[in-house]
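**Student:** So that we are looking at the same thing, I have put the structure below in structure tokens.
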Amino acid sequence: MSDRRSRREFMGLTTAGAAGILTRPWLGESGGFFPAPSVQGQQGVDPDLVVTNAKVYTMDTAMPRAEAFAVSGDRFVAVGNTAAIKGLAGKRTQTFDAKQMTIVPGFTDCHNHAGGTTLLYEVLVGNPFEVEFVTIGSIIEKLRAKAQQLPAGTWVEGYFHDDTKLKDKRPLNRHDLDKVSTEHPVVVRHRGGHTSFYNTTALEMARVTKDTPNPPGGTFDRDESGDLNGRVTDRAREVFNGVGQRPSFTPEQREKRERDGIAHISKQFVRYGLTSVHHEGGDLAAIQDVRARGELRHRVSYETSGRMLDAMISNGIQSGFGDEWIRFGATSEHGVDGSFSERTMALSIPYPNVQPPYKGNVTETQETLNAWVERVHRAGIQVNCHANGDVAIDMYLTAFELAQKAAPRPDARPKITHCTLITDDLVRRMKALGAVPAMFTTYAYYNTDKFPFYGEDLMKRSMAFRTLLDAGIRAAAGSDFSPGPFAPLMGIQGMVTRTGWDGTTWGANQCVTVDEAIRINTLNGAYASHEESIKGSITAGKLADFVVLADDPHTVAKAKIKDIQIVRTVVGGSTMYQA
Ligand SMILES: [Zn+2]
């Protein structure tokens, strides 16, 4: 029995047993990978699964639409019409009549912080998955309950705060958080990850006063009277790192939390139709442990930084090392500027309607960035920088242009995480470099309450999928969870309509078609990690990762795309989620 075979069987059984969601997994018993046959199939080989009567959007230009396909092992082996595919079924073949449901390739999220431990163990003061308004009172109440379980001096932390989803219609401030506790440092972290709100005790412990100057790349915000209001942005938050106590865990406890977190979020991913996710860091050992237990339901492109990146460089591990389940991808996002949703990204013009004039935070110098990019690029590792504003994208492209000159490498596909605000010149340079942007998708629906800060003129060139596709750039999807919800259908609805939960429409010139939006969320995602030859479309020979949808996003009302039910999510021929 090959490793591949035992692996798959183990996985299917465990999935069924652990989650109780499967009656019978779609499993192969015939271990190996079959080369792609014609639609007539191979003599003497029964596929494991035959799916018929479906509306299949393959995302393969050679055969964009199909009715049916066959799967052997973890691969598609034939795609075509129902009559031809039905003919491939043998005695041991499972059959699935899709009854005209829609099937698309499994979705790929190219930027996700995959914070399963946060979802499981931390205080969530906002809704991670949906648009939901909460009160400041509810935030105080939740954190007060947490404070009562912790000794004085220990941090009380709240996660998934969204400053524009407050029923109170005013920002949270330090006086609110003083009501949580005056004996604990208290922080509420914005889900965007670039701003946090602190109570007076935390500010005092960090010795921040109203006279403290703003450090480079960050701010201590003040109210009208010049007093600290508790909001602290980007790098100014570093002063809090060394103060206060944090809950401590034994190595065993920590390992368990990481494993539980990965297993938990993996379940969430497949629930929404994601079959591949680019992980921003996270515990690699835990991901492998979860896989070994048969509880990893999605494929991981692992992105790293710091010590692990150094170790990759010094040991010659390049992007692409690994296998179809866990593989080193690009680096994790190397920050160049602030945040789009929290309005700290670096713009070449001042933010509209902000006084005193403010152009956002650049969090890295050009020299440091140049050196980092060249070092990573030379090591054969796909470079990935977080660049939102046009200033930051320009800095990153400059650094990559220099690195390519110093160490030319074809098809390097420098990844631009977010790539939010573009200019014509930036698009031209991206095209020339073969850059792969991973842009916000769910924001167009979820975050319309923030777009008035930028105004329509800037929104016309933000999250500019239309412009980039027209330029021949393979833009991909990057939810940035936790900052954005990761539901691909919410993303697709937003990309197609540019209309948000509040009914407002921003930058409608950047709308894409449903087909383009699906491609961005599937094949372009595979391209972003150099994996387009093995996944991203329903093509014979590729991994059998697909999603069954109750309705067709091409034909339902556009404002209902996000509500389409995910009927089944299949990864490598195994059902990982079933409604
Ligand atoms: Zn991010």
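The values are calculated or read from the model by the stated rules, or taken from the named source; none is laboratory data. Just so it is clear, the structure is predicted and the values come from calculations on it, not from any experiment. Note that we place each Cβ from the backbone using ideal geometry, even for glycine, and neighbour counts take in every protein chain shown. With ligands, DNA and RNA removed, areas are computed over all heavy atoms of the protein, side chains included. Shrake-Rupley method; radii C 1.70, N 1.55, O 1.52, S 1.80 Å.
**Student:** Considering the dipole of segment 42-132 built from charges on the beta carbon (Lys and Arg +1, Asp and Glu -1) around the Cα centre, which of Ala70, Met59, Val131 is farthest to its positive end?
**Tutor:** My answer, from the dipole projection, is Ala70.
**Student:** Next up: For n ≥ 4 DSSP H runs only, could you compute -39500 (n - 2.57) per run for the chain, divide by its residues and tell me the 222 nm figure to the nearest 500?
**Tutor:** On the way: 18 runs with 169 residues, N = 579.
Theoretical 222 nm ellipticity from helices: -8500 deg cm²/dmol.
**Student:** By DSSP, what percent of the beta bridges with both residues in the chain are antiparallel, rounded to the nearest 5? Walk me through the numbers on the way to the answer.
**Tutor:** Values: 37 of 76 bridges.
If I count the DSSP bridges inside the chain, around 50 percent turn out antiparallel.
**Student:** Multiply the residue separation of Glu141 and Ala508 by 0.36 nm, subtract the distance between their alpha-carbon atoms, and state the gained length in nm to one decimal. Kindly include the intermediate steps, with their values, before the conclusion.
**Tutor:** Details: separation 367, 0.36 × 367 = 132.12 nm, distance 4.00 nm.
This chain segment gains 128.1 nm when fully extended.
**Student:** Just read off the accessible area of Glu516 with the full protein assembly in place, 1.4 Å probe, to the nearest 10 Å².
**Tutor:** Only protein atoms counted, so the area is about 50 Å².
**Student:** Still on this structure, I have one more. For the chain, calculate the relative contact order in percent as a whole number, restricting contacts to Cα pairs under 8 Å that are 6 or more residues apart.
**Tutor:** Working: 1350 pairs, mean separation 97.1, N = 579.
This gives 17 percent for the chain.
**Student:** On C-alpha positions alone, give me the angle between the axis of helix 424-433 and the longest principal axis of the chain, in degrees, nearest 10.
**Tutor:** 50
**Student:** Suppose we keep just the alpha-carbon trace of segment 434-579; what are its Rg and Dmax in angstrom?
**Tutor:** Looking at segment 434-579, its Cα Rg and Dmax stand at 15.3, 47 Å.
**Student:** To continue, here is another question. Name the residue farthest towards the positive end of the dipole of segment 370-474 from the options Ala407, Val373, Leu468, assuming +1 on Cβ of Lys and Arg, -1 on Cβ of Asp and Glu, about the Cα centre.
**Tutor:** Ala407
**Student:** Moving on to the next point. Between segment 88-131 and segment 183-228, what is the C-alpha centre distance in whole Å?
**Tutor:** 38
**Student:** Quick one: putting +1 on the C-beta of Lys and Arg, -1 on the C-beta of Asp and Glu, what dipole do you get for segment 443-566 around its Cα centre, in Debye to the nearest 20?
**Tutor:** Working: 12 positive and 14 negative charges, 25 e Å.
Dipole about the Cα centre, nearest 20: 120 debye.
**Student:** Counting Lys and Arg as +1 and Asp and Glu as -1, each charge on the Cβ, what is the dipole of the chain about the Cα centre in debye, to the nearest 20? Working shown, then result.
**Tutor:** Values: 66 positive and 67 negative charges, 219 e Å.
Here the chain has a charge dipole of around 1060 debye.
**Student:** If packing is taken as the average number of other Cβ atoms within 10 Å across a peptide's residues, how do 438-448, 164-174 rank, most packed first? Let's see the in-between values first.
**Tutor:** Numbers: 438-448: 28.3, 164-174: 15.5.
Output ranking for 438-448, 164-174: 438-448, 164-174.
**Student:** Heavy atoms of the protein only, probe of 1.4 Å, neighbouring chains included. What is the accessible area of His264 in Å², nearest 10?
**Tutor:** 50
**Student:** Still on this structure: Grab the beta carbon distance between Glu122 and Lys169, set R0 = 22 Å, and tell me the FRET efficiency rounded to 0.05. Let's see the in-between values first.
**Tutor:** On the way: r = 26 Å, r/R0 = 1.18.
With a Förster radius of 22 Å, E is 0.25.
**Student:** Mind checking the dipole of segment 82-139: about its Cα centre, +1 per Lys or Arg Cβ, -1 per Asp or Glu Cβ, Debye to the nearest 20? Before the final figure, lay out each step's value.
**Tutor:** On the way: 4 positive and 5 negative charges, 136 e Å.
That gives a dipole near 660 debye.
**Student:** Gln253 to Glu401: extension gain in nm, 0.36 nm per residue of separation minus the Cα-Cα distance? Mind showing how you got there, number by number?
**Tutor:** Details: separation 148, 0.36 × 148 = 53.28 nm, distance 4.49 nm.
Extra length from Gln253 to Glu401 when fully extended: 48.8 nm.
**Student:** Considering only DSSP beta bridges where both residues belong to segment 268-363, give the percentage that are antiparallel (nearest 5). Write out the running numbers ahead of the final one.
**Tutor:** Numbers: 2 of 11 bridges.
Counting DSSP beta bridges with both partners in segment 268-363, the antiparallel share is about 20 percent.
**Student:** Any aspartates and glutamates with Cα under 17 Å of the Lys91 Cα? List them, leaving off those in the same chain fewer than 8 positions away.
**Tutor:** List returned: Glu29, Asp46, Asp48.
**Student:** Report, in degrees rounded to the nearest 10, the 0 to 90 angle that the Cα long axis of helix 251-271 makes with the longest principal axis of the chain.
**Tutor:** It is inclined by approximately 60 degrees.
**Student:** Here's a follow-up. Once you've got the Cα coordinates, tell me which of Lys179/Lys256; Lys146/Lys167; Lys450/Lys558; Lys99/Lys562; Lys146/Lys256 are over 27 Å apart.
**Tutor:** On the way: Lys179/Lys256 33 Å; Lys146/Lys167 22 Å; Lys450/Lys558 22 Å; Lys99/Lys562 21 Å; Lys146/Lys256 21 Å.
Pairs exceeding the cut-off: Lys179/Lys256.
**Student:** Between Arg378 and Lys91, what FRET efficiency follows from the Cβ-Cβ distance if R0 is 51 Å, with the result rounded to 0.05? Show your work: numbers first, answer last.
**Tutor:** Working: r = 55 Å, r/R0 = 1.08.
It comes to 0.40.
**Student:** Local charge sum around Thr363 (other residues, Cβ-Cβ under 12 Å, Lys/Arg +1, Asp/Glu -1)? Could you put the intermediate results ahead of the total?
**Tutor:** Values: positive: Arg235, Arg237; negative: Asp234, Glu238, Glu333, Asp337, Glu364.
So the surrounding residues net to -3.
**Student:** Given His418, Trp506, Gly434, which one lies farthest toward the positive end of the charge dipole of the chain, if we put +1 on the Cβ of every Lys and Arg and -1 on the Cβ of every Asp and Glu?
**Tutor:** It is Gly434.
**Student:** Ignoring ligands, DNA and RNA, please state the percent of accessible area on the chain from carbon and sulfur, probe 1.4 Å. Each step should come with its number before you reach the end.
**Tutor:** On the way: 11450 of 22470 Å².
That fraction is 51 percent.
**Student:** Right, here's the next one. For the chain, what does the accessible surface come to per residue with a 1.4 Å probe? Please give it in Å².
**Tutor:** Details: 22470 Å² over 579 residues.
Ligands and nucleic acids excluded, the figure is 39 Å² per residue.
**Student:** Could you report the accessible area of Trp501 in Å², rounded to 10, computed with a 1.4 Å probe on the protein chains as they sit in the structure?
**Tutor:** 90
**Student:** Given the Cα-Cα distance of Asn214 and Ala292 and 0.36 nm per residue of separation, how much length would full extension add, in nm? Let's see the in-between values first.
**Tutor:** On the way: separation 78, 0.36 × 78 = 28.08 nm, distance 4.74 nm.
Using 0.36 nm per residue and subtracting the Cα-Cα distance, I get 23.3 nm.
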